[in-house]
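Some notes on the structure that comes next.
The values are calculated or read from the model by the stated rules, or taken from the named source; none is laboratory data. Quantities reported herein were computed from a predicted structural model and do not represent experimental measurements. When we count neighbours, we look across all protein chains shown, and the Cβ atoms used for this are built from the backbone with ideal geometry, even at glycine. The accessibility values were calculated without ligands, DNA or RNA, using every heavy atom of the protein model including side chains. Shrake-Rupley method; radii C 1.70, N 1.55, O 1.52, S 1.80 Å.
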Amino acid sequence: MKVGIVGAGMVGSAAGYALALRGGANEIVLVDKSAALARAQAEDIAHAVPFAHPCQVRSGGYERLEGAAIVILAAGVAQKPGESRLSLLSRNAEVFAQVIEGVQRAAPSAMLLVASNPVDVMTEVALRASGLPAGQVIGSGTILDTARFRWLLGDHLGIAAQSVHAYVLGEHGDSEVLGWSSARAGALTVGEFAEQVHAPITGEVRARIDEAVRRAAYRIIEGKGATWYGIGAGLARIVQAVRDDQRAVLSVSVVTPQVQGVADVALSLPRVVGAGGVLTTLAPELDPSEAAALRASAEMLKETALGLH
Ligand SMILES: NC(=O)C1=CN([C@@H]2O[C@H](COP(=O)(O)OP(=O)(O)OC[C@H]3O[C@@H](n4cnc5c(N)ncnc54)[C@H](O)[C@@H]3O)[C@@H](O)[C@H]2O)C=CC1
Ligand SMILES: CC(=O)C(=O)O
């Protein structure tokens, strides 16, 4: 499958690298407003290919996206230390107006996989600009937050993150909701599992994990200027779910008809991802405080998106 990446900065290049290492594409094309950057990233990623899976890695203008099945959108500005994702909205919405036009000229039916922040509202921007069906304009949403949650829970319980099934819901951002009620370790609720391995999830543990997930980006950006490995791997994971029609359950963002009483809002819920993009949306078990927090997140995102009209 041919995968395009627009925005060859830290996130776009990390996605390309992860795709190359995982064998997620047989052709990757990087496009950036800096042609020199796209060329350099493509050359660097190509040098990893002999250690991984056969794949062509190229760069060029939008015309080189012709035939791409999926285009990852990672162009625009990123947060500075202390800055929120939402503060990037007007700048990145302007970038997307230009980028989506370029992508659609070359690859009008390519599925769009949005990474640029604030990713939920940018997913809605991409949906409106592209006119594609909602399930084919997918934001990476909370795939990264979910990975952070699973990793921290696995670490606390002494098991592989892969054996933890837990999702972060709502905004990829400050109002996100950690789905503790629906979290499972193996076949047990995380609470039951924690009792059996003598690692109870106390209020203190829960608060620590919540803070570590919610504030991860701020901490990493403070330390190294940006985040890229986690999201690069997450984007490659989504591409593979589509390419191989895996029907994997992933927390990704799409414009959703109804969430906790809020209509037509882009946010993350666990969704079945396969060849057609998002195939089904699941309604996870929520306790009253999680339901209220998800509603607040949905309302805030809806209001923010309406502000763009
Ligand atoms: N969804 C997620 O979980 C995550 C999202 N992000 C977001 O991803 C985006 C990219 O972040 P980084 O790669 O760190 O930034 P970066 O600054 O390293 O890369 C952005 C790239 O976009 C390019 N660009 C800007 N305007 C363009 C245009 N009109 N056409 C083509 N290319 C253009 C720039 O030249 C630059 O190379 C940011 O919005 C960031 O907040 C970052 C980490 C995680
Ligand atoms: C930057 C960002 O969105 C993240 O690392 O979560």
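Descriptive notes on the structure:
- Solvent-accessible area, 1.4 Å probe, carbon plus sulfur percent, for the stretch 29-73: 52 percent
- Net charge contributed by nearby residues that have their C-beta within less than 12 Å of V254 (K/R +1, D/E -1): -2
- Rounded to 10°, Cα long-axis angle of helix 203-214 versus longest principal axis of the chain: 10 degrees
- Within the chain, helix-based [θ] at 222 nm, where runs of 4 or more DSSP H residues each add -39,500 (n - 2.57), nearest 500: -13500 deg cm²/dmol
- The mean sequence distance of close C-alpha pairs (under 8 Å, at least 6 residues apart), as a share of the length of the chain, puts its relative contact order at 18 percent.
- For the chain, the number of Lys pairs with C-alpha atoms closer than 28 Å, counting only pairs eight or more positions apart or on separate chains, is 5.
- Sulfur and carbon atoms: percent of accessible area, the stretch 126-200 [1.4 Å]: 56 percent
- Percent carbon-and-sulfur accessible area, the stretch 212-309, ignoring ligands, DNA and RNA, probe 1.4 Å: 55 percent
- Shape of the stretch 142-307, Cα gyration tensor, a/c cut at 1.5: rounded
- Over the stretch 142-307, accessible surface divided per residue gives 43 Å², non-protein components excluded, 1.4 Å probe.
- Anisotropy class of the stretch 59-182 from Cα gyration tensor, a/c 1.5 cut: prolate
- Each part reduced to its alpha carbon centroid, the stretch 178-253 and the stretch 84-134 end up 25 Å apart.
- Charged side chains reduced to their Cβ positions (Lys and Arg at +1, Asp and Glu at -1) give the chain a dipole of some 620 debye around its Cα centre.
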